[in-house]
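Reading through the structure tokens given below for one structure.
The values are calculated or read from the model by the stated rules, or taken from the named source; none is laboratory data. Because the structure is a prediction, the values reported are computed rather than measured. When we count neighbours, we look across all protein chains shown, and the Cβ atoms used for this are built from the backbone with ideal geometry, even at glycine. Remember, those area values only see protein heavy atoms, side chains included, never the ligands or the DNA or RNA. Shrake-Rupley method; radii C 1.70, N 1.55, O 1.52, S 1.80 Å.
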Amino acid sequence: MTVVDTVILGDAYDVLKSFPQETVNLIITSPPYYRQRDYGGIGIGNEETKEAYLENLLKIFGECVRVLKNDGSIVFNLGDKYINGSLALIPYRFAIMAMERFNVLLVNNITWVKKNPTPRQYKRRLTPSTEPFFHFVKSDKYYFDLDSFMEDKKPSFNGKRRNPGERYFKLIENSDLSPEEKELAKKELSIAIEEVRLGLIRDFRMKIRGIHAEPFGGQEGGRLYHLRRKGFTIIKMRGEPIKRDVIESNVETIKGRKHSAIYPKKLISELIKLLSREGDIVLDPFAGSGTTLIAAYELKRHYIGIEINPEYYRYILERLEDARRKIQNERKGLYEHM
Ligand SMILES: C[S@@+](CC[C@H](N)C(=O)[O-])C[C@H]1O[C@@H](n2cnc3c(N)ncnc32)[C@H](O)[C@@H]1O
């Protein structure tokens with residue numbers, strides 16, 4: 001039986017070997033990148049060649065595949081490396097080898113866009129500010145809860161955005177539309193704003209003659225016709241927003257942090273909500289500072305962490321204890337207000 005809500009000090013490969021197969025629902029992890037940092041001279045990442053690094057990583061990935069349930073997911077986040085002035089494309093080499101060697105499908109290559117990347121003084125190259133998160137599965141029956149993904153980004157304008165589209169009033173006023181056209185434009189704009197407020201439409205865009213570019217491919221009765229004849233057109237958006245394979249977030253900074261490569265908890269929480277249910281088991285075989293485990297705990301999932309460095313292992317336990325205390329205090333506060 002697999003013990004859950006625990007952190008294990010040890011080597012990911014050795015520890016995973018002792019796990020029974022098909023027991024874990026979700027694995028989210030960020031292994032050490034190739035020759036990027038020294039995590040105390042232990043574990044993987046400092047191999048002589050990238051080939052040796054990839055072999056060690058794939059060995060552990062193979063164990064992840066073995067312990068994963070058939071409807072589970074594995075998310076591996078990797079960063080790249082310049083070798084002799086050229087990007088080595090290590091994350092992509094890993095993803096290709098993983099697919100060739102194991103029976104896995106690659107569902108998405110999710111791009112993490114770092115809104116505040118580490119500033120670099122490069123004179124002849126741009127500052128890298130993205131990293132891939134590869135989402136692998138064992139079968140097309142994987143659990144996937146798209147509705148809960150980026151819930152807070154679903155535009156719900158009821159009260160949240162007080163003046164959707166108000167700026168268009170000023171544009172109409174400053175346009176060279178006739179007084180009658182301006183009158184009609186303002187009337188239809190007010191209706192669209194009300195529809196957004198009532199949740200009847202998700203959003204809208206307005207195009208005003210002489211101010212906005214004309215739409216392409218206009219036809220009789222279409223947007224171009226409206227723009228030319230009426231002086232404006234309103235494009236209403238209904239239905240769900242597109243959920244893209246891009247997650248933008250800041251690089252995590254933790255006061256007095258004891259670990260140098262922490263990924264953002266917000267991003268991990270999104271993936272946990274997307275790929276697991278409450279009560280599921282979430283595993284991070286390269287736990288680092290324990291971000292995955294804390295996110296899993298806060299979202300009512302069971303967690304298992306493996307970390308080879310005793311210093312980080314102790315830090316994870318501290319962070320988990322803080323998270324536990326925070327949640328208990330929040331619950332206590334809630335009862336006191338009841
Ligand atoms: C990039 S860090 C993970 C950071 C983590 N995602 C976070 O947000 O804090 C990788 C971690 O893997 C650990 N590690 C390296 N080799 C390992 C191995 N063979 N088994 C277990 N942990 C290992 C390192 O000590 C390091 O803490």
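Using 1/(1 + (r/R0)^6) with R0 = 51 angstrom and r between the beta carbons of Val3 and Ser178, what's the FRET efficiency to the nearest 0.05?
0.10
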Give, rounded to the nearest 20 debye, the magnitude of the charge dipole that the chain has about its Cα centre when Lys and Arg contribute +1 at Cβ and Asp and Glu contribute -1 at Cβ. 1200 debye
Mind checking the full-extension length gain between Phe102 and Lys59? Use 0.36 nm per residue of separation minus the Cα-Cα distance, one decimal, nm. 14.4 nm
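Just add up the charged neighbours of Glu47: K/R +1, D/E -1, any other residue whose Cβ is under 10 Å from the Cβ of Glu47.
Every neighbour counted, the sum reads -1.
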Near Lys186, which lysines are there with a Cα under 18 Å away, not counting those fewer than 8 places off in the same chain? Lys170, Lys207, Lys230, Lys236
Leading residue at positive end of dipole, the chain (Cβ point charges), from Ser175, Tyr225, Ser260: Ser175
Tell me the Rg and the Dmax, in Å, that the Cα atoms of the stretch 1-92 produce. 14.5, 48
Taking the chain as the reference, fit the longest principal axis to its C-alpha atoms, fit the long axis of helix 50-67 to the helix C-alpha atoms, and give the angle between the two in degrees, 0 to 90, nearest 10. 90 degrees
Residue-averaged [θ]222 nm for the chain, counting only DSSP H segments that reach four residues, each worth -39500 (n - 2.57): -11000 deg cm²/dmol
Mind ordering 65-75, 25-35, 195-205 by average Cβ neighbours within 10 Å, highest first? 25-35, 65-75, 195-205
Roughly to the nearest percent, how much of the accessible area of the chain is carbon and sulfur, given a 1.4 Å probe? 50 percent
Residues of the stretch 103-119 with backbone N under 18 Å of the label point set 7 Å from the Cα of Lys266 along Cα→Cβ are 111-118
Residue separation times 0.36 nm, minus the C-alpha to C-alpha distance between Glu22 and Leu126: what's the value? 33.2 nm
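Which net charge results when you count Lys and Arg as +1 and Asp and Glu as -1 among the other residues whose beta-carbon is under 10 Å from that of Glu173?
+3
Write down the accessible area per residue of the chain in Å², having rolled a 1.4 Å probe over the full set of protein chains.
Values: 18710 Å² over 338 residues.
Here the residues of the chain average 55 Å² of exposed surface.
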Once you have the Cα-Cα distance between Glu298 and Ser190, take 0.36 nm times their residue separation minus that, and quote the gain in nm to one decimal. 34.7 nm
The farthest towards the positive end of the charge dipole of the chain, of the residues His302, Ile235, Leu87, given +1 on Cβ of Lys and Arg and -1 on Cβ of Asp and Glu, is Ile235
